[in-house]
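Shown next, in structure tokens, is the structure this report addresses.
The values are calculated or read from the model by the stated rules, or taken from the named source; none is laboratory data. No experiment lies behind these values; they were computed from the predicted model shown. Because the Cβ atoms are built from the backbone with ideal geometry, glycine has one as well, and the counts that use them run over all protein chains shown.
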Amino acid sequence: MRCQPRHEGQVYICLKNVQTCLLCDEPAEAEMPICVACEIELPWLGEHCQTCALPLSSAGLTCGECLLEPPTFERVVAPWLYGFPLDSLITRFKHNAKWPFGHLLADVLGQYLHHRFDEGLPRPDALLPVPLASQRLRQRGFNQAAMLARWLSTSLDLPCEETVLRRIKDTDAQQDLDAKARKRNLRQAFALVPDAAVQGRHLALVDDVLTTGATAQALARLLMEAGAARVDVYCLARTPKPGT
């Protein structure tokens with residue numbers, strides 16, 4: 001079953017003619033539909049943990065949680081902090097099917113990843129979108145992580161393997177739970193398809209937002225136990241620590 005929404009019109013124009021910014025309706029100077037001023041105003045992630053991308057006060061550090069209990073995934077790569085107006089753009093894409101916002105954010109994430117690859121971040125062998133619970137998929141009609149992974153697949157020239165991971169257990173919404181409850185909620189929630197090509201590969205999970213990292217950790221552990229060589233996480237935004 002493919003849940004890619006059918007969209008007959010253009011998501012946005014990628015030619016050299018003038019287009020307007022999706023955020024402010026002013027002319028956009030670049031090929032993407034966002035003006036320089038709005039792009040600068042997005043909540044770019046500053047100094048952060050080198051493993052989980054949690055915002056920190058200094059560069060080149062690893063947060064206390066990752067030092068005490070290193071996660072199974074190698075690194076989280078995210079360009080933004082989850083804050084205004086990015087949170088609104090993600091919500092409109094995810095819950096209101098405003099796909100142009102998702103496509104725009106995926107394109108900027110792709111540019112950011114190209115920059116990180118040039119700086120030495122290893123390129124993965126494939127992109128794996130975080131699977132959505134079947135009930136939520138029926139309600140929403142699409143998996144936003146799968147859409148992001150498809151767009152990234154094009155911009156990064158990497159295969160998107162949507163069927164490797166399955167969510168075999170419908171769970172409560174993660175955003176309603178604390179960190180410990182999130183971990184309990186995800187026990188035995190995921191599985192690999194039979195004969196999944198995982199052994200010895202560097203794989204990158206794709207999602208919209210990383211909060212506690214419980215979902216990424218559960219999936220990374222599953223992949224590493226199946227023989228993956230490395231698992232990274234690519235997402236649009238990282239939430240700050242509660243209370244900060």
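If only residues of the range 72-88 that are touching a helix residue (DSSP H, G or I) at 6+ places or on another chain (Cβ under 7 Å) and either under 14 Å from TRP44 (Cα atoms) or among the hydroxyl-bearing types (Ser, Thr, Tyr) (or both) are counted, the one that is surrounded by the fewest Cβ atoms within 10 Å (Cβ to Cβ) is THR72.
If only residues of the range 23-50 that are without any contact (Cβ under 8 Å) to a residue 40 or more places away in the chain and β-branched (Val, Ile, Thr) are counted, the one that is surrounded by the fewest Cβ atoms within 10 Å (Cβ to Cβ) is ILE40. Just so you know, in the range 137-153 the residues that are touching a helix residue (DSSP H, G or I) at 6+ places or on another chain (Cβ under 8 Å) and not aliphatic (A, V, I, L, M) include one that is surrounded by the most Cβ atoms within 10 Å (Cβ to Cβ), and it is GLN144.
Within the range 57-75, is even one residue in contact with a Lys or Arg (Cβ under 8 Å, 6 or more places away or on another chain) and over 29 Å from LEU23 (Cβ atoms)? Yes, there is a match, as at least one residue in the range 57-75 is in contact with a Lys or Arg (Cβ under 8 Å, 6 or more places away or on another chain) and over 29 Å from LEU23 (Cβ atoms). Return a yes/no flag: does the range 93-116 have any residue that is crowded, with 20+ Cβ neighbours inside 10 Å, touching a Lys or Arg at 6+ places or on another chain (Cβ under 6 Å) and in a helix (DSSP H, G or I). Yes, the range 93-116 contains a residue that is crowded, with 20+ Cβ neighbours inside 10 Å, touching a Lys or Arg at 6+ places or on another chain (Cβ under 6 Å) and in a helix (DSSP H, G or I). For first residues located in the range 198-223 and charged (D, E, K, R), partners that are crowded, with 20+ Cβ neighbours inside 10 Å and part of a helix (DSSP H, G or I) and lie 6+ apart or on another chain with Cβ distances below 6 Å form the pairs ASP207/ALA145; ASP208/ILE90; ASP208/GLN144.
Selection of the range 199-224 for residues being charged (D, E, K, R) and either closer than 15 Å to VAL77 by Cβ or surrounded by 24 or more Cβ atoms within 10 Å (Cβ to Cβ) (or both) yields ASP207, ASP208. With a requirement of 3 or more residues that are of a type outside the set (S, T, N, Q) and modelled with pLDDT of 95 or more, the strands (runs of 3 or more DSSP E) lying completely within the range 172-244 that satisfy it span 202-210, 230-238.
Considering the range 130-151, the residues that are outside any helix (DSSP H, G or I) and not aliphatic (A, V, I, L, M) include one that is modelled with the lowest pLDDT, namely GLY141. Taking only pairs six or more apart or across chains, which ones have beta-carbon atoms under 6 Å, a first residue in the range 51-69 that is at positive phi, and a second residue that is small (Gly, Ala, Ser) and crowded, with 17+ Cβ neighbours inside 10 Å? Going by the 6 Å Cβ cut-off, the qualifying pairs are ALA53/ALA78.
As a summary of the residue check, LEU127 satisfies the conditions (1) over 18 Å from ALA97 (Cα atoms); (2) at pLDDT below 95; (3) outside any helix (DSSP H, G or I) except for the one numbered (2). In this structure, GLU31 does satisfy being at pLDDT below 95, on the phi < 0 side of the Ramachandran plot and charged (D, E, K, R).
Annotation: of all residues in the range 117-132 being surrounded by 18 or more Cβ atoms within 10 Å (Cβ to Cβ) and aliphatic (A, V, I, L, M), the one that is nearest to ALA30 (Cα to Cα) is LEU127.
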